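The values are calculated or read from the model by the stated rules, or taken from the named source; none is laboratory data. Given the structure is predicted, the values throughout are model-derived calculations rather than measurements. No Cβ is skipped: glycine too gets one built from the backbone with ideal geometry, and neighbour counts run over all protein chains shown. Side chains are part of the model used for accessible areas, which takes the heavy atoms of the whole protein and leaves out ligands, DNA and RNA. Shrake-Rupley method; radii C 1.70, N 1.55, O 1.52, S 1.80 Å.
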Amino acid sequence: MKNSKIGCVILAAGKGTRMKSETPKVLFNICGQPMIGYLLETISKIKEISKVYIVVGYKAEEVKSKILEIVDSKLKDKIIFVYQEDQKGSGDALLKVKKHIDPSIAYLIVLSADVPLVSENTIKMLIMSHLKEKTDCSVLTTTLDNPVGYGRIVRDVSNRFVDIIEEVDANESQKKIKEVNTGIYIFTLPILWSALVKVKPNNKKKEYYLTDVVKFISSKSAISTLDSQEVKGINTRKDLLEVTELVRRKIIERFLLNGVNIYLPDTVYIDIHTKISEDTEIFSGCVICNSEIGRNCKIGPYSYLDNTKVADDTQILYSYIIDTQIGNNCKIGPFSRIINNTKIHNNVIIGNFVEITRSIINDYVKIRHHSYIGDTEIEEKVNVGAGSITCNYDGIKKNKTYIGKNTFVGSNVNLVAPIKVGKNVMIAAGSTVTKDIPDNAFVIARVKESIKPQHRIIKKLFNLNM
Ligand code: UD1
Ligand code: MG
């Protein structure tokens with residue numbers, strides 16, 4: 001086989017100590033996707049890459065299974081996991097790949113999993129430049145006004161790239177250098193391996209720095225990208241916030257370009273999995289994850305939607321909705337809570353302080369205020385009065401309620417489940433109903449009212465002389 005293929009390494013073994021968390025850094029969530037997912041998505045678009053070596057170490061199995069869960073099958077076939085038991089530095093991590101490397105690979109791109117937003121074009125530009133220059137090592141650099149935390153690119157008087165000095169090991173004049181290492185490289189094999197074994201942990205951190213490899217490779221170049229945002233590294237939660245903000249803004253811009261209105265966009269968070277159709281308006285303070293919203297809807301202000309599907313022309317105000325499907329032309333909220341595989345059909349009104357869980361609500365149903373509906377199926381055109389609830393829990397298990405078409409449930413009714421209420425039924429306000437009700441029945445189940453005029457207590461209380 002011709003020895004000219006391009007392989008790719010992703011360094012992802014580090015714990016991410018500066019995040020101060022037990023979660024592996026590369027699994028931190030950025031707008032609905034783990035950090036490493038962005039890099040994997042980009043790599044999957046670069047067809048020239050024939051193998052992807054992912055170095056895992058800290059919580060390796062957790063990282064590995066998450067990666068396998070999110071990648072497509074084409075990329076999965078290219079991935080080889082490499083273990084770095086002790087995290088002795090990025091140089092040590094890369095050296096662990098050596099014994100797994102496919103002999104057909106001539107060039108190795110090295111990416112850091114904590115630099116997630118590098119684009120396909122930038123990686124391709126680095127590959128092309130490396131092949132054109134015919135060097136053995138190309139380092140992607142960028143220039144930052146505030147280079148704190150990054151390795152500095154040292155050039156000689158002729159502006160030739162000489163070395164990379166890590167921040168902790170840099171002297172005062174090196175710290176002033178604004179050109180930094182992005183942590184993205186391409187190397188020619190097998191020169192990389194002979195240079196890498198020469199790297200020693202002679203630095204303040206006592207780590208094997210991958211950056212030191214450039215000391216042992218004479219034919220090298222440092223190639224700069226103008227877009228410093230896409231090569232932002234994430235080491236702290238502040239970095240994570242900045243990168244999340246970049247992604248969040250990109251998502252918002254994409255929706256604006258696709259005909260969705262977003263008001264006060266700095267207060268709106270929409271994740272990468274969410275789809276929204278034209279002419280829908282999203283108002284301030286909304287959080288929308290993993291959801292699909294149809295045309296001409298109004299969502300918000302201040303609504304939380306997760307794993308929810310909304311059809312067209314529906315309005316959702318100040319509400320909390322998870323794992324739910326909502327049809328066309330519904331009015332939800334303000335302050336509704338709808339969860340747990342609830343299905344709401346078309347032209348339904350769900351009002352303030354209504355909670356619905358594991359239920360099916362059919363067309364033209366109205367539940368306008370202060371109700372709890374659990375494990376229930378409600379047929380078309382039912383009206384549920386204020387304060388009515390389904391008593392679905394008997395202390396041991398959840399029981400089902402069924403309410404037939406056209407039925408009118410008065411205010412403050414308790415339906416003690418399991419219970420079946422027929423169609424065209426009327427249940428008087430304040431009733432507690434425990435038995436099934438046949439079609440076309442009127443039900444009243446409350447203590448008989450008694451009015452006693454001029455009662456002695458009243459006389460005494462109000463000192464009435466009647
Ligand atoms: C690294 C570079 C620095 C560059 C910066 C860009 C080194 C020595 N320094 O610094 O020049 O400016 O990235 O963001 O490489 N990793 C392992 N195993 C280890 C250690 C690290 O796999 O033993 C992985 C990490 O998971 C991470 C990557 O290597 O994805 C970089 O490590 P990190 O500790 O973040 O290095 P930086 O200090 O950011
Ligand atoms: Mg880093």
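Observations, loosely collected:
- Restricting 252, 288, 272 to residues that are under 16 Å from the mean Cα position of the chain (by Cα) and either in a strand (DSSP E or B) or not β-branched (Val, Ile, Thr) (or both) narrows the list to 288.
- Taking first residues from segment 192-211 that are under 20 Å from residue 171 (Cα atoms) and partners that are more than 16 Å from ligand 2 (Cβ to nearest atom) and open to solvent by 70 Å² or more (accessible area, probe 1.4 Å), the Cβ contacts under 8 Å between residues at least 6 apart in sequence or on separate chains come to 208/200.
- Flag if residue 269 is more than 16 Å from ligand 2 (Cβ to nearest atom), in contact (Cβ under 8 Å) with a residue 60 or more places away in the chain and either in contact with a Lys or Arg (Cβ under 7 Å, 6 or more places away or on another chain) or on the phi > 0 side of the Ramachandran plot (or both): yes
- Top-ranked residue of segment 208-244 - restricted to ones that are open to solvent by less than 60 Å² (accessible area, probe 1.4 Å) and among the charged types (D, E, K, R), ranked as nearest to residue 128 (Cα to Cα): 220
- Taking the numbered list (1) part of a strand (DSSP E or B); (2) open to solvent by 30 Å² or more (accessible area, probe 1.4 Å) in turn, residue 186 passes all entries but (2).
- Test set (1) open to solvent by 70 Å² or more (accessible area, probe 1.4 Å); (2) touching a Ser or Thr at 6+ places or on another chain (Cβ under 6 Å) - residue 45 fails condition number: (2)
- Only one of 202, 146 that is open to solvent by 30 Å² or more (accessible area, probe 1.4 Å) and within 29 Å of residue 53 (Cα to Cα): 202
- Of the residues making up segment 245-275, just one is open to solvent by 70 Å² or more (accessible area, probe 1.4 Å) and among the hydroxyl-bearing types (Ser, Thr, Tyr), namely 263.
- Criterion: of a type outside the set (Lys, Arg) and assigned to a strand (DSSP E or B) - qualifying residue of 356, 451: 356
- All of 38, 58 fail the test of being assigned by TED's automatic domain parsing to the domain that holds residue 107, within 13 Å of ligand 1 (Cβ to nearest atom), in contact (Cβ under 8 Å) with a residue 60 or more places away in the chain and surrounded by fewer than 24 Cβ atoms within 10 Å (Cβ to Cβ), apart from 38.
- Counting the residues of segment 107-129 that are open to solvent by less than 10 Å² (accessible area, probe 1.4 Å) and away from ligand 2 (no atom under 16 Å from the Cβ) gives 4.
- Taking the criterion of being within 28 Å of the chain's Cα centre (by Cα), in a loop (DSSP other than H, G, I, E, B) and more than 10 Å from ligand 1 (Cβ to nearest atom), the residues of segment 91-123 that qualify are 117, 118, 119.
- Taking the criterion of being under 17 Å from the mean Cα position of the chain (by Cα) and among the β-branched types (Val, Ile, Thr), the residues of segment 255-269 that qualify are 267, 268.
- Matching residues, segment 169-190, being aliphatic (A, V, I, L, M) and near ligand 1 (Cβ under 9 Å from one of its atoms): 180, 184
- Answer from 5, 66, 51, 25 - the residue that is open to solvent by 70 Å² or more (accessible area, probe 1.4 Å) and either within 16 Å of ligand 2 (Cβ to nearest atom) or charged (D, E, K, R) (or both): 5
- Taking the listed residues 88, 74, the one that is over 29 Å from the mean Cα position of the chain (by Cα), open to solvent by 10 Å² or more (accessible area, probe 1.4 Å) and either modelled with pLDDT of 95 or more or assigned by TED's automatic domain parsing to the domain that holds residue 10 (or both) is 88, with no other qualifying.
- Boolean, residue 417 is at pLDDT 95 or above, farther than 20 Å from residue 369 by Cα and surrounded by 13 or more Cβ atoms within 10 Å (Cβ to Cβ): yes
- Taking the criterion of being polar (S, T, N, Q), within 16 Å of ligand 2 (Cβ to nearest atom) and in a loop (DSSP other than H, G, I, E, B), the only residue of segment 130-183 that qualifies is 146.
- Single residue of 172, 207 found to be assigned by TED's automatic domain parsing to the domain that holds residue 231, under 36 Å from the mean Cα position of the chain (by Cα) and on the phi < 0 side of the Ramachandran plot: 207
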